[in-house]
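K.L.:
For reference, the structure I am asking about is given below.
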Amino acid sequence: MIIYLARRLAQSVLLIFGAITIVFLVLRVIPGDPASLILGSQASREELESLRQEMGLSDPLLVQYVRHLGEVVLLDFGESWRLSADAFSSVVDRLPATLTLAGYALVLTLLIGFPLGIYAAKHTGQAVDRVVSYLSLTGQALPSFWVGIMLVLIFSRMLDILPSTADGTPLALVLPAFTLALPFLGWLARLVRNGTLEELGKDYVRTARSKGLSERVVFNIHVLRNTLTPVVTVLGLVIGNFIADAVIIEQVFAWPGIGSLMIESIVNRDYAVAEAAIILIAVFYIGLNLLVDVLYFALDPRITLETV
């Protein structure tokens, strides 16, 4: 177990290193110059060159990269020229808003997706099962930004019953949380449905029935418990996807989280904040993947190092 965890930690470090490298290169390859944005179009060439040297942008790319790696290890991404504040602190300040949105989306996913999957499994082959399957696929196929815009048009503009942007009230979470949760509702419903049907066909279910146990006891005590194992272990991946997908959703609903801050920083060539935001999201996702692997061992004793 310790060897496996050490190997997974080493893989996670390599993934984070790769994410840092890719972010560094992409942000510097895309067109745009922070010095030009800071000084404006009226700045002279000498002023631009002086500011570039001050910001370290005139150094060779390799020199910038090595210096950047040393700073990232210390969580020092520099100062945001746009916000006039420490870049990493600015991103961390926005983290609670993104986590709140992801938390509400997770609650919606569980409250709607899990019962739908169970209901479809109990009525497999019937019309309700096909409806749940079709709706699940539709929810996964629709682009999130389009769903968000449609929800704003219907519930905010036409019906005027829900706010379209963050206004400090709990109702402001409804539309962005549902938009974020929609693709995963269908995914969870299908996962639960297929997992339940698989469990119902196993020998232990037939043995429990042959002992005279009622269908309710067989389903709630035996089948449902075994169905929960894969669901619980993938929740970490779902949360990671929520945080990553929030980049688009926060833009649609003007939600003050990491995603909207990251987009604003990329547009304004605020390298420090953009890198801090992207790398923090990557670390969250990689860390949750590692946590999911550990949960497999805790929740399913049948899994051994030889099976992973």
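K.L.:
Suppose we keep only residues that are surrounded by fewer than 13 Cβ atoms within 10 Å (Cβ to Cβ) and either outside the structural domain of Leu191 (by TED's automatic domain parsing) or of a type in the set (A, V, I, L, M) (or both) within the stretch 105-130. Which one would you say is farthest from Ala181 (Cα to Cα)?
P.N.:
Selected residue: Ala127.
K.L.:
Across the stretch 185-208, which residue is nearest to Leu137 (Cα to Cα) among those that are surrounded by fewer than 15 Cβ atoms within 10 Å (Cβ to Cβ) and among the charged types (D, E, K, R)?
P.N.:
Once the filter is applied, the top-ranked residue is Glu198.
K.L.:
Which one of the conditions (1) in contact with a helix residue (DSSP H, G or I) (Cβ under 8 Å, 6 or more places away or on another chain); (2) surrounded by 13 or more Cβ atoms within 10 Å (Cβ to Cβ) does Thr138 fail to meet, given that it meets all the rest?
P.N.:
The number of the failed condition is (2).
K.L.:
Would you mind listing the helices (runs of 4 or more DSSP H) fully within the stretch 121-234 where at least 2 residues are more than 22 Å from the chain's Cα centre (by Cα) and among the basic types (Lys, Arg)? Before the answer, list the steps.
P.N.:
Working: elements: 127-141, 144-151, 174-200, 203-210.
Counting at least 2 such residues, we get 203-210.
K.L.:
Scan the stretch 72-88 for residues that are surrounded by fewer than 15 Cβ atoms within 10 Å (Cβ to Cβ) and free of Cβ contacts under 8 Å to residues at least 12 places away in the same chain and report the count.
P.N.:
Summing the residues that are surrounded by fewer than 15 Cβ atoms within 10 Å (Cβ to Cβ) and free of Cβ contacts under 8 Å to residues at least 12 places away in the same chain in the stretch 72-88 gives 4.
K.L.:
I'm told Leu51 meets every condition in (1) hydrophobic (A, V, I, L, M, F, W, C); (2) more than 30 Å from Gly148 (Cα to Cα); (3) part of a helix (DSSP H, G or I); (4) within 32 Å of the chain's Cα centre (by Cα) except one. Can you identify the failing condition by its number?
P.N.:
Status for Leu51: all satisfied but (4).
The values are calculated or read from the model by the stated rules, or taken from the named source; none is laboratory data. It should be emphasised that the depicted structure is a prediction, and the values quoted were computed from it without experimental measurement. Neighbour counts are summed over all protein chains in view; Cβ atoms, including those assigned to glycine, are modelled from backbone coordinates with ideal geometry.
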